[in-house]
Amino acid sequence: MADNNARARTALAQAPAPGTNAITTTVAGLLSKENVKKRFEDILGAKAPGFISSIINVTNGSRALKECDPNTIVAAAAVAASLDLPIDPNLGFAYIVPYRNKGRAEAQFQAGYKGFVQLALRSGQYKTINVGPVYEGELEPLTPEQRLRGELRFVERPAAPSNKVIGYASYFR
């Protein structure tokens, strides 16, 4: 992850320093700079224009992100790009999240659970990974031994299907 953060900082090497032009510089303005576009092209190849558009869309779709230093938004997006994870929040792979740091609005990269699953699968160390919600009424009561071993037993067909999520379960091999 540290290597990805270093690459993200490199993408912004010639962008205005935080605080100097942060008010007048926009995310779209930063992304139109040749050095920034080139860095995304180096990371993503032919997918760079679509990814750059998604950065603008994500920023425009969030009032909180619009308040963030544009340099931090582009840096967070560069981390996602280096991991080849889409940042559309509807997909759940990666997010650009606004935070307050000493009163200053900054954006940070945050991987979603689908992003972690994707990265794990790409590692080649896992044959299969599955993650999903567990709904009320789906689980059979567990014996203390089953609970200690972390076993779950699902009811084949719950009598009254529920939409209430009571937790999440995952499996990997």
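The values are calculated or read from the model by the stated rules, or taken from the named source; none is laboratory data. Predicted model only: the values in this text are computed from it and were never measured. Here the Cβ is made from the backbone with ideal geometry for all residues, glycine too, and neighbour counts use every protein chain on show. To get the accessible areas, we keep the full protein, side chains included, count just its heavy atoms, and leave off ligands, DNA and RNA. Shrake-Rupley method; radii C 1.70, N 1.55, O 1.52, S 1.80 Å.
Calculated [222 nm] ellipticity per residue, helices only, for the chain: -11500 deg cm²/dmol; basis is -39500 (n - 2.57) per DSSP H run with n ≥ 4, divided by all residues, nearest 500.
Solvent exposure of the chain, expressed per residue, is 64 Å² of accessible area, with all protein chains present and a 1.4 angstrom probe. For the chain, the Kirkwood hydrodynamic radius comes to 18.5 Å, computed from all pairs of different C-alpha atoms. As an exercise, use a Förster radius of 35 Å and the Cβ-Cβ distance of Lys66 and Leu148 to find the FRET efficiency, rounded to the nearest 0.05. The calculated FRET efficiency here is 0.10. Over the chain, with every protein chain in place, what whole percent of the accessible area is carbon and sulfur at 1.4 Å, could you tell me? Taking all protein chains in place, the chain shows 52 percent carbon and sulfur surface. With the cut-off at under 18 Å, measuring from each backbone N in segment 74-109 to a point 7 Å along the Cα-to-Cβ line of Asn35 picks out 74-79.
Note on exposure: Phe116, Phe109, Phe40 ranked by accessible area (1.4 Å probe, complete protein assembly) read Phe116, Phe109, Phe40, with the most exposed listed first. Please grab the % of Cα pairs in segment 47-148 that end up more than 19 Å from each other. Here the long-distance tail beyond 19 Å is 54 percent of all Cα pairs in segment 47-148.
You can think of it this way: the chain between Ala46 and Phe172 has 42.1 nm of extra reach, that is 0.36 nm per residue less the Cα-Cα gap. Using Cα pairs closer than 8 Å and at least 6 residues apart in sequence, work out the relative contact order for the chain, in percent. Contact order relative to length: 17 percent.
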